[in-house]
Amino acid sequence: MNLSDIQHFLSDRAAAFLKRDRHALLIDGQWVPAAGEGTFVTRNPATGKVIGRIAAAGAEDVDRAVRAARQAFDAGPWSKMRPVERQRLILKLADLVEEHAQALAEIESVDNGKSAGIARAVDVALTVDFLRYMAGWATKIEGITHEASVPYALQAEFVTYTRREAVGVVGAIVPWNFPLLVATWKLGPALAAGCTVVLKPAEQTPLTALYLGELIGEAGFPPGVVNIVTGDGPGAGAPLARHPRVDKISFTGSTEVGKLIGHASVENMTRFTLELGGKSPVIVLDDCDPEVAAAGAANAIFFNQGQVCCAGSRLYVQKKMFDRVVGEIGKIADGMTLGHGFDAAAQMGPLVSQEQMDRVCGYIDIGRSQGAEVVAGGGRQPGEGYFVRPTVMVNVDHGKRVVQEEIFGPVLTAMPYDTIEEVAAWANDSPYGLGASIWSNNLSKVHRLIPKIRAGTVWVNCHSALEPAMPFGGYKQSGVGRDMGRAALDAYLETKSVFIAV
Ligand code: ADP
């Protein structure tokens with residue numbers, strides 16, 4: 001690849017990786033081209049320039065990857081490894097990710113558009129912590145023992161217990177907003193549980209998964225334990241989701257695709273967990289310092305260019321503070337500098353793709369056409385790259401599309417409310433239920449509100465805080481199951497009940 005415009009920002013490791021002419025698939029420990037020799041390109045969102053040519057997997061490649069994962073699970077060395085050896089390998093991988101943190105952050109930055117500094121401090125740091133957290137579970141997988149009372153075998157005695165067993169071959173399909181981190185949210189618990197994996201990164205951001213694939217080899221995981229198939233949704237994701245020899249699908253992405261995957265999974269009774277879209281409310285109570293609330297709300301929506309499934313995209317402010325808080329957020333938005341991921345002065349980067357930029361701008365236009373008033377931002381930033389100005393809309397009716405639909409960009413809709421009961425009802429008036437934040441120091445009001453909110457995570461005086469041990473996932477159409485924490489491990493284990501008559 002010709003990297004002349006970004007070369008001087010890159011460490012030697014990142015430059016060497018990005019210079020390659022082609023990136024291959026990882027199947028059974030080998031880097032191979034796609035069976036049909038097809039490729040696709042990935043672009044730097046800050047410039048629109050091509051930065052990688054990637055193998056485009058099709059159904060035949062997915063099938064080979066699933067067979068390799070099957071073999072490694074059913075007969076290969078993985079199934080014979082002791083838990084402590086799985087733990088050691090995952091810890092070794094965490095060490096390697098830490099050692100390569102700068103290269104991974106730089107590659108994530110040029111592939112996704114996010115700041116390299118944030119990629120290192122957030123994406124890569126959480127990846128390392130999460131791998132270490134999940135490595136610990138490999139040696140703590142436990143069932144129960146039980147004293148049975150079988151009503152029709154009064155004379156018999158039983159030894160009864162449960163075993164937790166790895167679910168098998170996992171298909172992991174991940175999105176482009178936190179490519180490395182979300183891939184690890186699937187790989188970590190799968191490997192700790194003893195599963196094997198076929199990972200399909202998003203076609204917009206395949207590079208850090210491929211780099212991770214090399215580190216997986218270096219860590220010493222046996223061939224076939226982790227396979228990586230790059231390609232688009234219909235070409236590579238769909239054959240993986242409907243493959244009859246996959247035991248579990250773990251998906252993060254849009255609700256629309258999540259439903260397709262759910263349907264495909266039910267056909268084979270494949271287990272599935274889905275972490276889907278959101279339209280998370282940010283609720284500012286009347287005791288709050290307006291400046292603190294404004295800074296928090298701005299960060300809740302503009303972090304990662306608003307491309308966060310739990311982004312705080314609906315702001316509700318008690319009406320006596322509404323103008324003040326929204327005025328402050330407008331000032332923050334107007335003052336934000338947009339720039340590429342290596343620009344230390346930039347507070348926001350480009351969106352991931354032309355398609356995403358057009359989609360987000362389309363929503364801003366829909367908001368305007370449905371009567372919303374744009375008080376900050378309002379469209380793309382002229383020039384190269386996929387930059388959209390941070391945007392704030394007011395005077396928008398609760399039923400309108402910009403309040404109800406996930407935009408997945410730096411676009412906030414702000415609405416005043418009167419009572420706690422009213423704001424609780426509005427917060428829940430959404431098909432989604434991924435996250436919510438409450439801004440207040442009034443403990444009793446906060447504690448009364450938390451149980452009323454139908455969302456998988458409630459933050460108080462913060463938003464989007466994540467931690468390896470805390471489960472993350474959605475109520476309602478935001479998904480099924482949880483990533484992270486003990487809950488994630490459980491999703492990669494079956495439970496077997498054993499009765500022994502003695
Ligand atoms: P977004 O709309 O944000 O791009 P998607 O839900 O389309 O999110 O994509 C998330 C992941 O799902 C990506 O890896 C994508 O390739 C994959 N994907 C898209 N469509 C399908 C599909 N029909 N079956 C399986 N995977 C898909």
(message) Per DSSP helix of 4 or more residues, -39500 (n - 2.57); summed, then divided by the residues of the chain. What does that give at 222 nm, rounded to the nearest 500?
(response) -11000 deg cm²/dmol
(message) Considering only protein heavy atoms and a probe of 1.4 Å, how much of the accessible area of the range 1-72 is carbon and sulfur, as a whole percent?
(response) 46 percent
(message) Ignoring ligands, DNA and RNA, please state the percent of accessible area on the range 324-392 from carbon and sulfur, probe 1.4 Å.
(response) 48 percent
(message) Taking 45 Å as R0, compute the FRET efficiency from the Cβ-Cβ separation of A344 and D323 and round it to 0.05.
(response) 0.85
(message) Quick check: Cα centre of the range 428-456 to Cα centre of the range 64-116, how many Å?
(response) 36 Å
(request) Send over the semi-axes of the range 133-180's equivalent ellipsoid, whole angstrom and largest first, taken as the square roots of 5 times the C-alpha gyration tensor eigenvalues. (result) 40, 14, 8
(request) Could you estimate the translational diffusion coefficient of the chain from the Stokes-Einstein equation, with Rh from the Kirkwood formula over C-alpha pairs, at 37 °C and 0.692 mPa s, in whole µm²/s? (result) 139 µm²/s
(request) Among A75, I54, T162, pick out the residue whose Cα is farthest towards the positive end of the charge dipole of the range 40-184, where Lys and Arg carry +1 and Asp and Glu carry -1 on C-beta, about the Cα centre. (result) I54
(request) With +1 on each Lys and Arg Cβ and -1 on each Asp and Glu Cβ, and nothing else charged, work out how big the dipole of the chain is about its Cα centre, in Debye to the nearest 20. (result) 660 debye
(request) Taking only protein heavy atoms into account and a 1.4 Å probe, give the accessible area per residue of the range 85-183 in Å². (result) 41 Å²
(message) Leaving out ligands and nucleic acids, and using a 1.4 Å probe, what accessible area per residue does the range 208-360 come to in Å²?
(response) 35 Å²
(message) If you fit an axis through the alpha-carbon atoms of helix 322-334 and take the longest principal axis of the Cα set of the chain, what angle between them do you get, 0 to 90°, nearest 10?
(response) 80 degrees
(request) Express the carbon and sulfur contribution to the solvent-accessible surface of the range 172-233 as a percent, rounded to the nearest whole number, probe 1.4 angstrom. (result) 53 percent
(request) Quick one: compute the contact order of the chain, relative version, from alpha carbon pairs under 8 angstrom and 6+ residues apart, as a percent. (result) 18 percent
(request) Filter the cross-link list K200/K248; K279/K452; K259/K400; K331/K445; K114/K331 down to pairs whose alpha-carbon distance in this structure exceeds 20 Å. (result) K259/K400; K331/K445; K114/K331
(request) Determine how large the accessible area of D28 is when every protein chain is in place; take a 1.4 Å probe and give Å² rounded to the nearest 10. (result) 80 Å²
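The values are calculated or read from the model by the stated rules, or taken from the named source; none is laboratory data. The structure displayed is predicted, hence computed values, not measured ones. Don't worry about glycine lacking a Cβ; one is built from the backbone with ideal geometry, like all the others, and counts go over all protein chains shown. Just so you know, the surface numbers come from the protein's heavy atoms only, side chains and all, with ligands and any DNA or RNA stripped out. Shrake-Rupley method; radii C 1.70, N 1.55, O 1.52, S 1.80 Å.
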